[in-house]
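This report refers to the structure that appears directly beneath it.
The values are calculated or read from the model by the stated rules, or taken from the named source; none is laboratory data. Remember, predicted model here, so these are calculated numbers, not experimental data. Reconstructed Cβ throughout: ideal geometry from the backbone, glycine too, with neighbour counts over all protein chains shown. Areas reflect the complete protein model, heavy atoms only, side chains present, ligands, DNA and RNA absent. Shrake-Rupley method; radii C 1.70, N 1.55, O 1.52, S 1.80 Å.
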Amino acid sequence: GTYRYNEELVGAFVKSLGEEERKSVIVATKFMPKKTYSFEMLEKACDVSLKRLGIETIHIYYMHRMYSEDVVPIETVAADMKKLVDKGKIEGYGLSEAAPETIRRAHAVHPVTALQQEWSLFARDLEDEIVPTCKELGISIVSYSPIARGMLSGTLTETPKDWRQHNVPYLSEENIAANRKLIEKIESMAKNKGCTAAQICLAWVMKKGGIPIPGTTKKERASSNFAAKNVDLTKGDMEVLEVLGSQVKGLRGNDSYMSYSFHNQLNK
Ligand SMILES: NC(=O)c1ccc[n+]([C@@H]2O[C@H](COP(=O)([O-])OP(=O)(O)OC[C@H]3O[C@@H](n4cnc5c(N)ncnc54)[C@H](OP(=O)(O)O)[C@@H]3O)[C@@H](O)[C@H]2O)c1
């Protein structure tokens, strides 16, 4: 349902642009792996997305999570993505929650365009191995939930009473008070710079080499988040933020969420 709505919305937006503007937009969407796999399923999912988007080619087509090896090896998916590229349906493909070795295996079959991974001051588990792997291979890192699912904007002062309450430990009742203290420091840095806390955190991701994709339901916030590209963080600012980032309490996902993360592929 969400995919359908979002793809139609993005499609309408792209359609509303002039020819020149349209060239500057990168359209990305994704499919969710099921319990079985075939090229026909992949192609059908892609065709449905193309139709909803109303475009001829998707620039980046992501696989939302990794298949387990006994369903399909990553090499097969990568080869099938290349078939979609050859057919002109996609320009490139991306992965999400893929371990470094999985990324390398896919990349060896057909170059991976982007890895979509949670990356913010509150989620840094990719920095040790995934970031260097992507940088070495020339793969863009698209940082999902770069505002820590609302936390880094400073507007969340207590645990939200929605799905995040139990699924996102850094927002849990147990951890939120300690984490709020870190946000207060970011808010004061933002005040000194005449920008918002969200902008500081988005600028931090960009400075680290990520491409943030903040989510919002509000137009003004989308513009303000976009303007984070103009926020300049000094070496001193980065050092302060590094220290804050190392003090975060709670993981980015509960056990169930993490069982679909790249860590799970490492543990096998
Ligand atoms: N690959 C994956 O597994 C995966 C997982 C999660 C998310 N994602 C992707 O990542 C993107 C964003 O992630 P996300 O939405 O989970 O988290 P996010 O971008 O970290 O945070 C979004 C939250 O922050 C609020 N917000 C955004 N800008 C704000 C601002 N300037 N001031 C105050 N509040 C602000 C939004 O509320 P309002 O709507 O009220 O502004 C929303 O609650 C989405 O495109 C999503 O598809 C991918």
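Of note:
- Helix-only mean residue ellipticity at 222 nm for the chain, each DSSP H run of n ≥ 4 adding -39500 (n - 2.57), per residue, nearest 500: -14000 deg cm²/dmol
- The listed residues W204, W163 rank as W163, W204 when sorted by accessible area, largest first, using a 1.4 Å probe.
- Share of alpha-carbon pairs per 10 Å distance bin for the chain, given as whole %: 6, 27, 34, 25, 7, 0
- Computed E for M32/K219 - FRET, C-beta separation, R0 25 angstrom, nearest 0.05: 0.35
- Rounded to the nearest 10 degrees, the inclination of helix 176-193 to the longest alpha-carbon principal axis of the chain is 80 degrees.
- Simple spin-label estimate for V25 and K87 gives 2.4 nm between the two label positions (7 Å along the Cα-to-Cβ direction from each Cα).
- Just the protein heavy atoms count here, and of the accessible area of the chain at 1.4 Å, carbon and sulfur take up 54 percent.
- Within straight-line reach of K218, meaning a Cα separation under 24 Å, sit the following lysines at least 8 residues removed in sequence or on another chain: K15, K30, K161, K191, K193, K229.
- Dividing the convex hull volume of the alpha carbon atoms of region 144-267 by its residue count gives 121 Å³ per residue.
- For the chain, the longest principal axis of the alpha carbon atoms and the long axis of helix 2-16 meet at an angle near 90°.
- With all protein chains modelled, accessible area of D125 [1.4 Å, Å²]: 50
- Point-to-point label distance, F226-A177, nm (Cα→Cβ direction, 7 Å offset): 4.1
- Three-way shape label, region 169-208, alpha-carbon gyration tensor, a/c 1.5: oblate
- Largest first, the three principal axis extents of the alpha carbons in region 1-112 are 44, 27, 24 Å in whole numbers.
- Axis angle, to the nearest 10 degrees, between helix 197-208 and the longest C-alpha principal axis of the chain: 60 degrees.
- In this structure, V240 and E56 have a Cβ-Cβ separation that, at R0 = 45 Å, corresponds to a calculated FRET efficiency of about 0.45.
- Rounded, prolate or oblate (a/c below 1.5 giving rounded, otherwise prolate when a/b exceeds b/c) for region 192-260 by Cα gyration tensor: oblate
- Subtracting the Cα-Cα distance of D162 and A108 from 0.36 nm times their residue separation leaves 15.4 nm of extension gain.
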